[in-house]
Structures are given as structure tokens and as C-alpha cells.
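Worksheet for the structure shown next.
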Amino acid sequence: MARSAKRVAAQCGGRGATKKASISTRAGRRMDSGVAELHRRMDRNELARMDDLNKALASLEIERAALERVPTWPWERGTLRTLAAAIVIPLLIWAIQAILQRYLAG
């Protein structure tokens, strides 16, 4: 996990999806405000200090991307897939063997 994603995960405090949703909602509101400010400045042709607004919007986008990478489960994303594969694949092989024995032996 990237350093910024770890920092956001620490902000979530291990409370999972609820805390992540709360932080995402606040970040979304800030992004909406930033975009509204961008439109306001463009409409009024106030383009002199756009660099600070650009940096703020870029930072909010980085935060949003980091929030997306924060897992809401208490384990890594691939863990469930690995566990399922470890259980399903042997059961599937066993079922195929049982079917083949029934048809080939009879």
C-alpha cells in the first residue's frame, strides 16, 4: 500500500467502511467546492491566482485516489480470493475426479 494510502488508513482508525465513507464524503464536498470556485473564477475571468486552486484540486484528487486504495476489510484484497481458490480448486478437482470415475469405471 502506498504511503498516502497508509496515512488515510490510519485516519480511518480501523473502523472500516463507515469511517472511509465519512472521509470520502468530506473529500467529495471539498472537491465540489473547489470545482465551484474554479467555475466562479473562470466566469469572472479571475485567472491570476489559478495556480493555488490547481494545486488544491490536484491534492484533493490525490486524496480521493488514496481513499479508493484503503481496504475496508481487515485483510488485504487478495486474501479472500486466495482463500476461495485454496478451497474451491481442490473441491472442483475432487468433483471432476468423482464424475470421471463414475463414467469411466461403469
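Where a number appears in this text, it was derived from the coordinates with a stated rule and is not lab data. Computed from a prediction, not measured in an experiment: that's the story for all the values here.
See the values below:
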item: Karplus-derived HN-Hα couplings along the range 70-79 (A = 6.51, B = -1.76, C = 1.60, θ = phi - 60°), whole Hz, x at Gly and Pro; result: 6, x, 9, 7, x, 9, 5, 4, x, 4
item: Karplus-derived 3J(HN,Hα), 6.51/-1.76/1.60, for each residue of the range 88-105, Hz, glycine and proline x; result: 6, 4, x, 5, 5, 4, 4, 5, 5, 4, 4, 5, 5, 4, 5, 7, 7, 7
item: Cα extents of the range 46-97 along the three principal axes, largest first (Å); result: 73, 21, 9
item: Karplus-derived HN-Hα couplings along the range 46-56 (A = 6.51, B = -1.76, C = 1.60, θ = phi - 60°), whole Hz, x at Gly and Pro; result: 9, 9, 5, 10, 6, 4, 5, 5, 4, 5, 5
